[in-house]
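Below is one structure, written out as structure tokens; the observations come after it.
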Number of protein chains: 4
Amino acid sequence: MSSSYGENIKLTIFGQSHSPAIGMTLEGIPAGESICMETLKRFLSRRAPGKNDWSTKRKEADEPEFLCGFINNTTCGAPITAIIRNTDTRKGDYESFSYIPRPGHADYTAFVKYGGFEDHSGGGHFSGRLTAPLCIAGGICKQLLMREGINIISRIKSIGPLEDSGDLDRSTAEKDFPVIDDGQGKLMQEYILWAKSRGDSVGGTIECVATGLPAGLGDPMFDGMENRISQIVFGIPAIKGIEFGAGFAAAKMTGSRNNDQFFIENGTVRTLTNHSGGILGGITNGMPLCFRVAVKPTPSIAVSQKSFDETTLKETELLIPGRHDPCIVPRAVPCVEAAAAVAIYDALLGRRKELNGNSGYSK
Amino acid sequence: MSSSYGENIKLTIFGQSHSPAIGMTLEGIPAGESICMETLKRFLSRRAPGKNDWSTKRKEADEPEFLCGFINNTTCGAPITAIIRNTDTRKGDYESFSYIPRPGHADYTAFVKYGGFEDHSGGGHFSGRLTAPLCIAGGICKQLLMREGINIISRIKSIGPLEDSGDLDRSTAEKDFPVIDDGQGKLMQEYILWAKSRGDSVGGTIECVATGLPAGLGDPMFDGMENRISQIVFGIPAIKGIEFGAGFAAAKMTGSRNNDQFFIENGTVRTLTNHSGGILGGITNGMPLCFRVAVKPTPSIAVSQKSFDETTLKETELLIPGRHDPCIVPRAVPCVEAAAAVAIYDALLGRRKELNGNSGYSK
Amino acid sequence: MSSSYGENIKLTIFGQSHSPAIGMTLEGIPAGESICMETLKRFLSRRAPGKNDWSTKRKEADEPEFLCGFINNTTCGAPITAIIRNTDTRKGDYESFSYIPRPGHADYTAFVKYGGFEDHSGGGHFSGRLTAPLCIAGGICKQLLMREGINIISRIKSIGPLEDSGDLDRSTAEKDFPVIDDGQGKLMQEYILWAKSRGDSVGGTIECVATGLPAGLGDPMFDGMENRISQIVFGIPAIKGIEFGAGFAAAKMTGSRNNDQFFIENGTVRTLTNHSGGILGGITNGMPLCFRVAVKPTPSIAVSQKSFDETTLKETELLIPGRHDPCIVPRAVPCVEAAAAVAIYDALLGRRKELNGNSGYSK
Amino acid sequence: MSSSYGENIKLTIFGQSHSPAIGMTLEGIPAGESICMETLKRFLSRRAPGKNDWSTKRKEADEPEFLCGFINNTTCGAPITAIIRNTDTRKGDYESFSYIPRPGHADYTAFVKYGGFEDHSGGGHFSGRLTAPLCIAGGICKQLLMREGINIISRIKSIGPLEDSGDLDRSTAEKDFPVIDDGQGKLMQEYILWAKSRGDSVGGTIECVATGLPAGLGDPMFDGMENRISQIVFGIPAIKGIEFGAGFAAAKMTGSRNNDQFFIENGTVRTLTNHSGGILGGITNGMPLCFRVAVKPTPSIAVSQKSFDETTLKETELLIPGRHDPCIVPRAVPCVEAAAAVAIYDALLGRRKELNGNSGYSK
């Protein structure tokens, strides 16, 4: 079903950009796991809008209210539901172009699919705002994974034509603008502001790495780690591509160069390179799982665009008012981490079914 | 479940490279659809091995036997099951390195996952051979889609560093080596043979386009067309990346350039460009649906590689005998088409639930 | 997943008896369906507690707050989420026997499953209170079905040894104590009060009938109407049996008596009897769909019972304080209707996939 | 999807009564489990037709051919597919009444659902013959459960009005006519033959018990053991009712009598009675899981019945030729066991996800 994800846990996301509330239900988290709410809030704040010059001015506390699933911040086995009230909604911004679809947005496809009954305020259920509940679920899974020694980190890999350099490590996560090369980060921010000054927007890429993974997560064919991660990551609006390990670069290599040869280090199997991104046959091999996604430039721009009236099929010019991010890449970083965390935690639970747990049964 | 795919139809693929047979079950195809078996066989022959210099010498007729689901080549509503017998199996080729995992293959991850009980002959369930049943399912769906005016075509977009040019149209599908620029195609084939002569292999990219799609297929969030197509496409071994429309190139554009502006042509909504690849908010917009995948170079190469013995964790050198493709890209082209056909037909059936079919009920 | 149901729609229920709120998310309802909130509230009030002598004194307005999915009471295609705040919670009632499982309740099995981390206040996620969100979903589906001429009605078929007589029709639904024979209904109520006066409880059976169904709903094997309805109905606590049509009585008949012979009435296929309960091969045949469920007596009783301490495995006597229904059958009637409505509406949407809707596509 | 079942394993059943073959695919069985093929065949032979006076004369060896999933009778982690060839098919028997639906069969509903394209030979996909693949899957799961100390046994509880007495134990399983009271069994067989002599048929009930289950299997709400078992059991044709523990009898008891009070025996939690059938809140409590199903009399009878022509809607009389069981209850016994085995093994794997398996990971 469209707004649900997962095989061993089940995430359901609900809400529209301007409905009374948005939220999520997360089923299948084992009982007895304590969640640090402060850590969760800190994670959510990485996605929150209104913090700086390049993100939308809409201010939402994004404070989740947990309706069920916890006893004293410890999971009790029942589904976890959290909601976030939509307080700072300004529906008026959207009324003027209700039936004039914004290019690059889902307005027109929502109109076709829902026959004009869709909620077009702020993108309705298609809004980037729906990544907030994704981050609640991901923030919970990140804590559970951390407990098993698994870390998920990510960074801005590029903004427009500007690339970050170096290799991703955990220090990046603490930064407001998560790049390794802060000088390059500075340039990226300037590039975003330049686009903003022209009423335009820019895209970029995000790199995400999970370390500490055991070998053996994921399944062959349609439930491989690539399949699982793609399925959730494309749920983040504006993502148009994903590659694992060397990805598209692998397509240009020879096999002798692309193959990751094995060696043994302290009794552990490792590979000399990691072009596979830690995934072979859909299954983790114990090396860091690594992927990159392409984020398109924010479709809401302040320049005039060609569109049409859905009710008359007459062409028209469209000027979009309202508050928008000239670049959503920085705010999408924790969303990608969250998506990866949910997918990986789901695979981790799935792996337990295979491991012989007989002795654990109380008869 | 790992070897199953689909929401409105359900495809299940079974078999190992050297098991008595491989096959597929396809549930949920409406009754009364006649399938042309000749067209299906022609489609399957595009994937079949042993046809030319660059593909494996293993000869398999790949003739499917339908066990059920059809009455006189017309679907009867029951699940369709087809099998292909594995006749030309040479298990001996694999015995020498049973416990020495081949770099770039799933040998090691299968060993971890299945604890040494996995079938390692020819890659077992991870073998590219399992794309034959995928092509049976896809070939059936392609015929059903054609009936609704939907065509799925594809081509080799690049081999190693060599790019095809031009725009994809239906004529490409008839070619043995499906590129638009045949001169460039010639170079690509030479490049493959050069790699083969060195015991090496090469990768490439494949482009796939679906035309004639109605607007409104797919769902928001985790069931968008990108999510659905990715989930099945990564089920094809060796695919390491996917991008829709402009994909990774969109990440370098500004919004004003990337946005596809609307116009009306003969009462139909169209866009001036198609950077979205025909998908907005996960839902088709009526423009051609377009995506590209990255195929890594075949991991089976004839040069010596570093590996280890799974039973002793001792490092060792590995030389792989047997028959392998120096480049699987040409044979992967129909597999990508097949995967797209299954995903799109599934979405098409899902769309019917939303359209008001009340009058159709017999009470 | 445990708290989710459905193939073409997806119902997710969340909450615990004493968590801040309980609620449900319902995905997949087509856009453009208007829901009468007054009718929905009237339906929910049939389940609400505190109305009479035999139901728990706990008073809950059971007023759902819709968080999303509607624009002016019309579905917009996005998931529908509704919550009910838990206001009249008295956790203290349960503290005295937190680790002493109540016989007939899920206390002990929840303890084993969740390792002591479960929410044992009022049964937590296992509470009958969770049928309120089920009734929200069912109330919505009932309205959608009504629009297609499908009515779902039900009655108390028996309380303890006392049986209702006559055939079910729509007038029963309007009654506070839904039986056909009001004289018998009076006896049943006296029987309940007699049990209450002794600190005991009684069970009963409920009959549910859906009329106006088209033939052709449901699928063979594991997705037949019997399978689908059972799967959701056993989600209502205290239900321990279900039978369709003649059910267990059919097991005593001969084939010549049990078979429903066909006749044609005004061009419509009908059967002389309806021992099949309107279902053949899992699929509706156009006759009324009919089933009965067995409801066990409320396990919470005021008499002393043998139990044990989960932390010490020492046996002990248990006396349960708190407010409980001496008979939940009357309040379970709308829950069974709700469950049937969800299952039947799901099957109705599934049927649309098969009907040829080609002409409906906008290209 | 209709012909698939399971959450942690996935069973897919395919085939029609007279298609070239029938079969099943079973995904998700952990690797390294060895299956005794002799034991499996012995189990299948309990369902096989043609053995005695009251079952159909159609002779099928019912010998499964395994196409994949095993290496030397040990699971390798890949999906297991087995097929049974349909050899003794006599399509002619059915041709005379192709468009005259047999009362009590799925002929008419299949016609509506599949629009006349259905396979009506021998009931097509609705045939009782499709329980043979169910028994393959169930026979495998029974062996896996046995390994964990879990036994599934069953018996004929009644034939028509004749009831078996006593309590079910393992010795019954070895009998050709599985009842406890052989004298009563003799009467039952005479009753079946009496019905046969009149061209009629009889129904009955089957009781199934699983012993040795750990507490904690199953989930609340829609994935309880009652829900899971019902969902698969109603996949067996002719079953019209199911009850767990005291079932419908519980509806006549008071709470003080129905509640199963606890005691401790050798440090193990037990209950004085087992009216719950070993399931509380959908979850096993460690007592034997017990249920009964109602099997309707075989609808194929030799007496004339009223029907109609589907193509003309004209009423007609129908006389059914062919070979049929006057009572399918004896052959349904292993099918019910098989269904229970699949459901319980699925729940057992699901339980492993919750048990802390951290130490089992190889990093």
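Observations on the structure shown:
- Any hit, the stretch C:294-310, residues being in contact with a Leu (Cβ under 8 Å, 6 or more places away or on another chain), of a type in the set (A, V, I, L, M) and crowded, with 24+ Cβ neighbours inside 10 Å: no
- Out of A:LYS175, A:LYS113, one residue alone is touching a helix residue (DSSP H, G or I) at 6+ places or on another chain (Cβ under 9 Å) and either within 8 Å of another protein chain (Cβ to nearest Cβ) or aromatic (Phe, Trp, Tyr) (or both). It is A:LYS113.
- Sole residue being modelled with pLDDT of 90 or more and under 19 Å from the mean Cα position of the chain (by Cα), chosen from C:SER55, C:SER4, C:SER34: C:SER4
- When the stretch D:313-335 is filtered for residues that are closer than 18 Å to D:VAL202 by Cα and of a type in the set (Lys, Arg), the ones remaining, listed by number, are D:ARG323, D:ARG331.
- Tally of residues being open to solvent by 30 Å² or more (accessible area, probe 1.4 Å), within 14 Å of chain A (Cβ to nearest Cβ) and touching a helix residue (DSSP H, G or I) at 6+ places or on another chain (Cβ under 7 Å) across the stretch B:2-52: 1
- Scope the stretch D:158-180; condition among the acidic types (Asp, Glu), without any contact (Cβ under 8 Å) to a residue 60 or more places away in the chain and closer than 24 Å to D:PHE43 by Cβ; matching residues: D:ASP164, D:ASP167, D:ASP169, D:GLU174
- Residues within the stretch A:311-331 that are surrounded by 19 or more Cβ atoms within 10 Å (Cβ to Cβ) and either more than 30 Å from A:MET188 (Cβ to Cβ) or touching a helix residue (DSSP H, G or I) at 6+ places or on another chain (Cβ under 7 Å) (or both), tallied: 4
- Among the residues of the stretch C:222-236, those identified as within 11 Å of C:VAL336 (Cα to Cα) and facing another protein chain (nearest Cβ under 7 Å) are C:SER230, C:ILE232, C:PHE234, C:GLY235.
- Counting only residues that are farther than 17 Å from A:LYS296 by Cβ, in a loop (DSSP other than H, G, I, E, B) and within 23 Å of the chain's Cα centre (by Cα), the stretch A:192-212 holds 1 of them.
- Here A:ILE283 meets the list (1) surrounded by 19 or more Cβ atoms within 10 Å (Cβ to Cβ); (2) under 30 Å from B:ARG257 (Cα atoms) almost entirely, failing just condition (2).
- Residue satisfying all of: in the stretch C:231-242; of a type in the set (A, V, I, L, M) and in a helix (DSSP H, G or I); nearest to the chain's Cα centre (by Cα) among these: C:VAL233
- Qualifying residue in the stretch A:194-206 (condition: away from chain B (no Cβ under 14 Å) and surrounded by fewer than 22 Cβ atoms within 10 Å (Cβ to Cβ)): no
- Verdict on C:ILE344 being modelled with pLDDT under 95 and crowded, with 22+ Cβ neighbours inside 10 Å: no
- For C:GLY124: the one exception among (1) closer than 30 Å to C:MET188 by Cβ; (2) open to solvent by less than 30 Å² (accessible area, probe 1.4 Å): (1)
- Total residues in the stretch C:157-174 satisfying the condition of being assigned to a loop (DSSP other than H, G, I, E, B), charged (D, E, K, R) and surrounded by 15 or more Cβ atoms within 10 Å (Cβ to Cβ): the figure is 1.
- Selection from the stretch B:181-193 of residues that are of a type outside the set (A, V, I, L, M, F, W, C) and within 12 Å of chain A (Cβ to nearest Cβ): B:TYR191
- Condition met for C:ARG228 (within 30 Å of D:SER307 (Cα to Cα), basic (Lys, Arg) and open to solvent by less than 30 Å² (accessible area, probe 1.4 Å)): yes
- Residues that are of a type in the set (Lys, Arg) and facing chain A (nearest Cβ under 8 Å) number at least 2 in none of the strands (runs of 3 or more DSSP E) confined to the stretch B:243-310.
The values are calculated or read from the model by the stated rules, or taken from the named source; none is laboratory data. All values derive from a computational prediction rather than experimental measurement. Don't worry about glycine lacking a Cβ; one is built from the backbone with ideal geometry, like all the others, and counts go over all protein chains shown. The accessibility values were calculated without ligands, DNA or RNA, using every heavy atom of the protein model including side chains. Shrake-Rupley method; radii C 1.70, N 1.55, O 1.52, S 1.80 Å.
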